[in-house]
Every structure is written in C-alpha cells, then in structure tokens.
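The values are calculated or read from the model by the stated rules, or taken from the named source; none is laboratory data. All values reported here derive from a predicted model rather than from experimental measurement. Cβ coordinates were reconstructed from backbone atoms using ideal geometry, including for glycine residues, and neighbour counts include every protein chain displayed.
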Amino acid sequence: MADIVGGITTSHIPAIGNAIARGLQQTPYWKPFFDGYIPVRQWLDEVRPDVAVVLYNDHGLSFFLDRMPTFAIGAAERYPNKDEGWGLDVLPAIRGNVELSWHLIESLVADEFDLTICQEMTVDHGCMVPMLTMWPEAAGEWPVTVVPIAVNTVQHPVPTAARCYKLGQALGRAIESYPEDLKVVIFGTGGMSHQLQGERAGFINSAFDRMFMQALVDDPEVLTRLTTAELIEQAGSEGIELIMWLAMRGAMTRGASLRHAHYHVPVSNTAAGVLVVDNVAVPSATGAARPDVAIVGELEVT
Amino acid sequence: MAWNDHGYDRVPGTYVFNGRRAALGFGLNRMCMSFNDAANREAFRNDEAAYCERFDLTAEQRDAIRARDVLRLVQLGGNIYYLAKFGGIFGLTVQDMGAQQRGVTVERFRAMLQDAGEAAHG
C-alpha cells in the first residue's frame, strides 16, 4: 500500500528559482534562506520518497481567468514548465504518475471533491520552485514522479481554509488506499505573509506567520476557522496561499510530528517559511501522553 | 445590478481580485496573459497602441498601461500576477512594482522589507 511518509510546506517565490539558477545560494542575502533547506534535503535523502503530491497555485500559465478551476489535478505522463513572461529559466518537465493520479481522482470524487481533471497541464513556478529548492542538483532528473494539484488562490472567492484542510484529509485517505507500495510526500506550497498589490504592498506579519507555523503542527483545526478576510488581513492578499499549507496538514495523521522549521524574512517581498512534518506519531519528550500532537524540537526562527 | 460587500473590503490599500475586478479587468488580464509568449512581448514593444487595440481594454486601462501605472491598473481590474507579465517586458520586478504602488523608491521599499526581517529575527 502507498504510505504518506511526511509533508513539507514551503514558499514558492520565483526569486528563489532565479537565485538557484544564478548560483547565489551562498551570498549574504540568500544564505540564511537556503541554510534552512539543508535539513529538508537531509530528510528527503533519508526517506527517499517515490512520489510528490504538490499542492500549488497557478499564476497564469496553465489556467487563465476564462475558466478557473477551484481545484484541478494532473493526470498526465509529464508536466512541462514554460515561459511565464518575466525571465525565469524554463526547467525540464516533471514526470507524472498516471495510474496514481486516476486513483486519487476516483477516490477524491467519491469523497465529494469534484476536481477538474487535466490530461494536459503545464506547471509554473508555484510547482517548479519547490521542486528545484528540494532537489537543486537534480538538473531535471527529478528523483520523484509528481501529481500536481492546483488550488485557485488567484481569483476570489477562493476555497476556505477549512475546505482545503478537508481536501487534505480526503487526499490522505486517497493515497493510503492505493495498492502499490509507494512512499509519498506531500508539498503544501506558497506563503507565508506577503502582499504584492495595492498601497499595502510589502506587508509582512511575522507574528502571524510564527503562530501559523506552530498551530499548523499543534492544532490545525484552529487555523481552519480563519476566514478568507482574516487571512488577507493577517497574511496579506497573496498570503492567502497559506490555505495550501492546511491541505498538506490535512493529509497527515493528527499525531504527525515536526521535524524541521525555518523562517526567514525577506525573500523578495515575502516572508519565507518551511516545515517538515513526519507522518508518524512520536512520544513527547516527557513521555507523557499527548492526545493530539507530539513536537520534536522547537520552532526556531532564524 | 449589485456587487456584494466583503469582509476584506475593510483592509486598507488592498484590492482583492474578486468577481467585480475580474469582470472589469478581463481584457486587460487577457492581454497580460498573452505576454507569456516572447513574440507577443516583442509585438507589444514594437507598437504598444496597436497591440492594446487587439484586446478589450477601456480607455482608462489603456492610459494606465501607457503610464506604467501599476496601482491604477490594479484598481482597474488588473491582477498582480498577470501585471507581473506586463512588468516583465520592461524588466520591472515585483519589488519595483511594490515600491511604485506604495509610493516609495525601490531602495526604500527594500529597506522596509529588510527592517521587517530584522524585527522578525529579533
């Protein structure tokens, strides 16, 4: 049976892709950011997932506003990346997993998530920057196959935080009912607080981001009560992407444990965060039973 | 005709891209989407006015395109992710566009973000 080994939440800022392409990781601006991904890559080397399910939003590559699916899932052999118009290098296509995609589709639709099914789909920086950040040396030989799931965070109304969490729960059930022995990792991408538009452009809210990271591990249901208006107010208009972090968390068991957390401001206009969550419950440090969640290590902000 | 009010309308300096703005900005965003294609970026550079004519832009939107006025374009239904493709033609990054909308220099805008970082990291 397929096994969800864990989840990663990560920002998908285009500037990260540019920094990798230009070899800037060790420069003073970028080093504090990229250092936060060393433990992430170590974890990936350790668990060696076969598949990544990547929750991301399209920013105007595969989808236009003429028909904007709230949730769309790929069912293709390969997903090409293409020119987005402003100078990011085009990356080699990622490989799909058609059988797994269709299993997820059948399970999710049976579970009342009626996603748009895409046999052709291009993937933009929302999906590709996390791939490149996790495997910067892969040079297109990505070590995983991918099932991309696009969530509309661009044109309101966008799905609620609660709905995305439930999508994650349904996705978890779908993956774990797949008969093949596969190790699956789930990426929830985007965020953290940022705003690109209006006079409020440049808005960052670190207190909110830190709360969000902690609560995502400890008590995600609290976050599902956030309204879209509250998320825009607290995380900025583009910070609404954080709903995709909730989808990742929904796919994990309640007792999933934190492996790594890193937070850095700024990357371009954005507060960048990364979490690694192991999908296994571990005893807390004191050995006392904890009904919900066990945390290994503390959230460290660097 | 009536547009719904929303809880997010109270957030200052913010133009949430909802149905009202999506309807207003459809032609403008359609044009910006076309800039994914390098040949279209070149065609725009060669004859801006003619290129705008191919899309259903209002007179105000055409003026704001000509003025490279990002804030005005946002107010007129431009979506910032699509406007980034427009900005890309002139090498404008989201930081340039953020600074312009906020009404500060790019240096000031970057410094503001660095200050937010220093505050976040204590």
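Quick look at the numbers
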item	result
Residue check for B:Ala99: touching a strand residue (DSSP E or B) at 6+ places or on another chain (Cβ under 6 Å) and crowded, with 19+ Cβ neighbours inside 10 Å	no
Among the residues listed as A:Glu106, A:Glu137, the single one being among the acidic types (Asp, Glu) and within 26 Å of A:Val276 (Cα to Cα)	A:Glu137
Candidate set: the stretch B:62-100, residues that are touching a Leu at 6+ places or on another chain (Cβ under 9 Å) and among the polar types (S, T, N, Q); chosen: the one farthest from B:Arg20 (Cα to Cα)	B:Gln95
Options A:Trp43, A:Trp30: the member that is in contact with a Leu (Cβ under 7 Å, 6 or more places away or on another chain) and at pLDDT 95 or above	A:Trp30
So B:Arg20, is it more than 18 Å from B:Phe90 (Cβ to Cβ), basic (Lys, Arg) and part of a helix (DSSP H, G or I)	yes
Check on B:Ala43, over 19 Å from the mean Cα position of the chain (by Cα), over 20 Å from B:Val70 (Cβ atoms), assigned to a helix (DSSP H, G or I) and more than 11 Å from chain A (Cβ to nearest Cβ)	yes
Of residues in the stretch A:5-19 being among the β-branched types (Val, Ile, Thr) and either outside any strand (DSSP E or B) or out of contact with any Gly (no Cβ under 9 Å at 6 or more places or on another chain) (or both), the one farthest from A:Pro136 (Cα to Cα)	A:Val5
Every pair of residues 6+ apart whose Cβ atoms lie under 7 Å, when the first sits in the stretch A:145-162 and is outside any strand (DSSP E or B) while the second is among the acidic types (Asp, Glu)	A:Thr153/A:Glu241
Single residue of the stretch A:89-128 satisfying the filter (within 14 Å of chain B (Cβ to nearest Cβ) and either within 20 Å of the chain's Cα centre (by Cα) or of a type in the set (S, T, N, Q) (or both)) that is surrounded by the most Cβ atoms within 10 Å (Cβ to Cβ)	A:Gly126
Answer residue from the stretch A:155-190, given it is of a type in the set (Gly, Ala, Ser) and within 14 Å of chain B (Cβ to nearest Cβ) and is nearest to the chain's Cα centre (by Cα) among those	A:Gly190
Some residue of the stretch A:20-35 being in a helix (DSSP H, G or I) and of a type in the set (Gly, Ala, Ser)	yes
Residues that are at the interface with chain A (Cβ under 8 Å from one of its Cβ atoms) and either farther than 25 Å from A:Asp83 by Cβ or among the hydrophobic types (A, V, I, L, M, F, W, C) (or both), drawn from the stretch B:52-82	B:Leu71, B:Val74, B:Ile80
Criterion violated by A:Asn152 - all others in (1) over 15 Å from the mean Cα position of the chain (by Cα); (2) within 14 Å of chain B (Cβ to nearest Cβ) satisfied	(1)
Tally, over the stretch A:54-81, of residues that are surrounded by 18 or more Cβ atoms within 10 Å (Cβ to Cβ) and either in a strand (DSSP E or B) or away from every other protein chain (no Cβ under 14 Å) (or both)	10
Unique residue being of a type in the set (Gly, Ala, Ser), within 14 Å of the chain's Cα centre (by Cα), more than 7 Å from chain A (Cβ to nearest Cβ) and assigned to a helix (DSSP H, G or I) when the list is B:Gly27, B:Gly88	B:Gly27
Any hit, the stretch B:94-105, residues being among the hydrophobic types (A, V, I, L, M, F, W, C) and farther than 27 Å from B:Arg41 by Cβ	yes
Some residue of the stretch A:199-213 being out of contact with any strand residue (DSSP E or B) (no Cβ under 9 Å at 6 or more places or on another chain) and of a type in the set (S, T, N, Q)	no
Residue match in the stretch A:209-226 (condition: within 11 Å of another protein chain (Cβ to nearest Cβ), at pLDDT 95 or above and surrounded by 20 or more Cβ atoms within 10 Å (Cβ to Cβ))	yes
Residue list for the stretch B:113-122, filter: facing chain A (nearest Cβ under 7 Å) and more than 13 Å from A:Ala271 (Cβ to Cβ)	none
